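The values are calculated or read from the model by the stated rules, or taken from the named source; none is laboratory data. Computed from a prediction, not measured in an experiment: that's the story for all the values here. No Cβ is skipped: glycine too gets one built from the backbone with ideal geometry, and neighbour counts run over all protein chains shown. Ligands, DNA and RNA are stripped out before the accessible areas are found, and what is left, the full protein with its side chains, is counted by its heavy atoms. Shrake-Rupley method; radii C 1.70, N 1.55, O 1.52, S 1.80 Å.
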Amino acid sequence: MTSTLSAATTTLDQRLDAAAKTVEPKVIECRRDIHQHPELGNREFRTSKLIADKLKSLGIEVKTPIAHTGVVGILKGGKPGRVVALRADMDALPVVEQVDLPFKSTARTNYNGQDVGVMHACGHDAHVAILLGVAEVLAGVREEVPGTVVFLFQPAEEGAPEGEEGGAALMVKEGALDSPKVDAVFGLHVTSRYPVGEIAYRAGAELAAVDSFKIVVHGKQTHGAYPWLGIDPIVVASQIVLGLQTIPSRQVDASLAPSIVTVGAIHGGVRNNIIPESVEMIGTIRSLDEKMRSDIHARIKRTAEDIAAAGGAKADVKIDPGYPVTYNDPALTETMVPTLRKLTSDVITVNPTLGAEDFSFYQQKVPGLFFWLGIRPKNQTAEQAASNHSPLFYIDESGLELGVRALAHVAVDYLKK
């Protein structure tokens with residue numbers, strides 16, 4: 001008696017599930033290997049080669065490099081149909097790992113001129129391993145796939161090094177969705193907010209747009225004992241910080257969508273008795289509505305400039321747009337949620353988060369669905385578990401098989417529909 005499911009006696013869904021179970025040990029092994037050898041954005045050379053070699057071994061067409069170190073795999077099914085893309089990000093973070101694991105990262109590298117530790121503190125190692133598992137699963141049933149599956153292995157989701165382009169925006173710019181032309185895109189993200197076995201999603205705006213700002217307040221330097229002889233940019237900057245907080249709390253419709261304006265750093269002055277010439281502040285803007293996003297930008301500029309003018313100073317405001325809103329196409333989401341629900345009884349809808357994801361750049365080009373995959377050990381609460389980006393971030397690997405099944409099933413079900 002054999003334990004292998006044959007095509008003659010099983011449905012395609014059963015074959016996908018059986019194959020996902022079969023590749024699970026390989027997925028875990030791959031994840032551990034990548035975890036032990038993390039690489040920062042646009043520098044994922046080893047990871048990129050590992051991916052390309054694996055795809056080629058499966059008979060999948062490979063395009064690389066794209067967006068510096070990215071890899072695109074193209075699996076043509078045995079039947080005609082649409083084109084669906086599945087995405088995994090590859091880059092690690094400049095974090096020193098504090099988790100005691102046999103495959104703990106001890107890697108170090110240079111990041112923007114600093115010597116830093118490197119760790120997969122956001123689970124991108126799991127994303128790559130999961131998607132390679134999906135590639136193996138779908139390659140094994142390619143004759144039954146009604147269409148084409150494009151595998152997007154993307155660098156630099158956490159941001160490219162200073163002075164470089166990268167990430168999903170560059171993948172799109174260099175044609176990752178164009179040849180063949182993709183009709184829909186899916187992606188997932190592991191998170192310790194949800195336990196193993198749980199999938200979470202939201203239709204519409206799921207993650208925030210993220211923008212950065214820099215405000216330089218120019219005053220007039222003078223002795224700290226005689227402030228009336230100068231213009232104090234520190235006092236003006238303090239007023240601007242408080243004024244910026246009234247934008248999300250008092251000036252925009254908080255019932256429409258949450259937003260945040262955070263000043264993350266202020267620099268000015270060198271001595272206790274000198275009022276400096278200028279003060280610089282930098283911060284982040286998070287918003288879940290594109291119209292509100294533009295409105296907040298205008299209000300930041302007006303608030304800073306007018307408060308500075310009232311104090312006799314001058315404020316130079318620069319806002320650098322970052323990732324757009326991660327927006328799950330409502331129609332696509334409604335169509336695909338039944339697929340997720342057939343995989344696990346623990347599928348939940350969640351509130352949007354003010355975190356950000358550059359998966360949003362793909363969604364600007366084609367309809368997309370991005371969902372969360374729980375990897376928190378079941379004996380921990382969300383408060384006890386270390387968050388993504390923490391040096392203590394930990395993945396319960398028993399949750400990876402569900403990730404393989406989820407992406408494999410949404411791809412096939414989308415193509416079948």
inquiry  = Could you work out what % of the accessible surface of the chain is carbon and sulfur, using a 1.4 angstrom probe and leaving DNA, RNA and ligands out of the count?
reply    = 52
ask   = Around Leu288, what is the net charge, scoring Lys/Arg as +1 and Asp/Glu as -1 over all other residues with Cβ under 13 Å from its Cβ?
value = -3
inquiry  = Taking the 0 to 90 degree range and rounding to the nearest ten, how far is the long axis of helix 124-139 tilted relative to the main principal axis of the chain, both from C-alpha atoms?
reply    = 30
request  = Determine the per residue accessible area of the chain with all protein chains present and a 1.4 angstrom probe, expressed in square angstrom.
outcome  = 44
request  = Could you pull out the chymotrypsin sites (Phe, Trp or Tyr not before Pro) across region 364-409 that fall in loop regions by DSSP (anything but H, G, I, E, B) with no more than 11 other Cβ atoms inside 10 Å?
outcome  = none
ask   = Among (1) 47.5; (2) 22.8; (3) 44.7, which one is mean projected area of the Cα convex hull in nm² computed from these coordinates?
value = (2)
message = Over the chain, with a Gaussian network built from C-alpha contacts below 10 Å, which listed residue (Ile285, Ile234, Ile34) shows the highest mean-square fluctuation?
response = Ile234
query = Once amide H atoms are built 1.01 Å from N in the peptide plane, which residues 5 or more positions from His37, or in another chain, come under 5 Å H to H?
reply = none
inquiry  = At most 11 other C-beta atoms within 10 Å and a DSSP loop state: those are the exposed GluC sites (Glu not before Pro) I care about. Give me the longest piece of the chain that has none.
reply    = 163-382
query = With axes computed from alpha carbons, what is the tilt in degrees of helix 45-57 against the longest principal axis of the chain, rounded to the nearest 10 within 0 to 90?
reply = 20
query = Relative to the first principal axis of the alpha-carbon coordinates of the chain, what is the inclination of helix 12-36, with its axis defined by its Cα atoms, in degrees from 0 to 90 and to the nearest 10?
reply = 50
key: Sequence-separation-based contact order of region 230-286, relative, with Cα cut under 8 Å and 6+ spacing, percent   = 40
inquiry  = Run the simple label-point estimate for Arg32 and Ala298 please: 7 Å along Cα→C-beta, distance reported in nm.
reply    = 5.7
ask   = By the scheme Lys and Arg +1, Asp and Glu -1, what is the net charge of all other residues having a beta-carbon under 12 Å from that of Glu174?
value = 0
message = Please compute the contact order of the chain in relative form: average sequence separation of alpha-carbon pairs under 8 Å and at least six residues apart, divided by the residue count, as a percent.
response = 22
key: Gaussian network model of the chain, springs between alpha carbon atoms under 10 Å - residue of Asp91, Asp125, Asp306 with greatest fluctuation   = Asp306
note = Highest GNM mean-square fluctuation among Phe213, Phe153, Phe359, for the chain with Cα springs under 10 Å, belongs to Phe213
key: From phi via Karplus (6.51, -1.76, 1.60), per-residue ³J(HN,Hα) for region 252-260 in Hz, x at Gly/Pro   = 10, 6, 5, 7, 6, 6, x, 8, 9
key: Contact order normalised by residue count of region 38-148, Cα under 8 Å, 6+ apart, percent   = 34
key: Selection of trypsin sites (Lys or Arg not before Pro), region 245-340, meeting DSSP coil and at most 16 other Cβ within 10 Å   = Arg271
task = Grab the DSSP H runs of the chain that are 4 residues or longer, score each as -39,500 (n - 2.57), total them, divide by all residues and round the 222 nm result to the nearest 500 deg cm²/dmol.
result = -10500 deg cm²/dmol
